[in-house]
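S.K.: Got a structure here, written out as structure tokens. Questions coming.
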Amino acid sequence: MERCSLSVSFLGVERGEEAFYCLTIYLFFFSFHLWKNAFDLFFLNKNRYLTLAEVFESLRLTAHSLNVDALDMHADKGTFHRFDRFNLKYNPFGQARLREVFIKQDNLLRGRFLAELTREVFVDLEASKYQHAEYRVSIYGRKRVEWDTLAAWVLNNGLYSDNGRR
């Protein structure tokens, strides 16, 4: 007998794609890339490129200090009423630098990590026949090319799923 209802995860206007992933996925993802890509260039700071290891080191974070409590990316009651609080909650380990590296689509990496996370969620959604989601990525309206940049990011990274609403 088939199920009559569908599970739909909806990320509204005030919830971005960052809210899509559970903390353990983030934690594993950060740890994995700190191990795998430690010496690749990821972040531009005062006209100097930093490796991922240097970014974590400058924040006094090590692979052993990464845990769900330190990650501090869980939402509480007041998070979704004010956009500034929402943005602060989605800074991994309270650090905007890590948000820039891992969960932004318009960065030095051209959103490579965010695309990887998104594809992982799509694989999970597709494994569940009745689970669907609608994801949203913010457009800030600061530059005329933002829509084009976002569209190119989606297309270049193959971010499509029958279980993800477009």
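S.K.: Between a first residue in region 132-153 that is without any contact (Cβ under 8 Å) to a residue 12 or more places away in the chain and a second residue that is outside any loop (DSSP other than H, G, I, E, B) and not β-branched (Val, Ile, Thr), which pairs have beta carbons less than 7 Å apart while being 6 or more apart in sequence or on different chains?
M.R.: Qualifying pairs under 7 Å: Ile139/Glu146; Ile139/Trp147; Ile139/Leu150; Tyr140/Glu146.
S.K.: Quick one: how many residues across region 41-71 are crowded, with 17+ Cβ neighbours inside 10 Å and either within 24 Å of Cys22 (Cα to Cα) or among the hydrophobic types (A, V, I, L, M, F, W, C) (or both)?
M.R.: 10
S.K.: Kindly check whether there is at least one residue in region 6-14 that is modelled with pLDDT under 60, part of a loop (DSSP other than H, G, I, E, B) and surrounded by 12 or more Cβ atoms within 10 Å (Cβ to Cβ).
M.R.: Yes, because at least one residue in region 6-14 is modelled with pLDDT under 60, part of a loop (DSSP other than H, G, I, E, B) and surrounded by 12 or more Cβ atoms within 10 Å (Cβ to Cβ).
S.K.: Can you pull out the residues in region 61-90 that are within 26 Å of Leu155 (Cα to Cα) and at pLDDT 70 or above?
M.R.: Tyr90
S.K.: Let me ask something additional. Return the residues of region 137-152 that are touching a helix residue (DSSP H, G or I) at 6+ places or on another chain (Cβ under 7 Å) and under 24 Å from His33 (Cα atoms); say none if nothing qualifies.
M.R.: Val137
The values are calculated or read from the model by the stated rules, or taken from the named source; none is laboratory data. If you're wondering where the values come from, they're calculated on a predicted model, not measured in any experiment. Here Cβ is always computed from backbone atoms with ideal geometry, including for glycine, and neighbour counts include all displayed protein chains.
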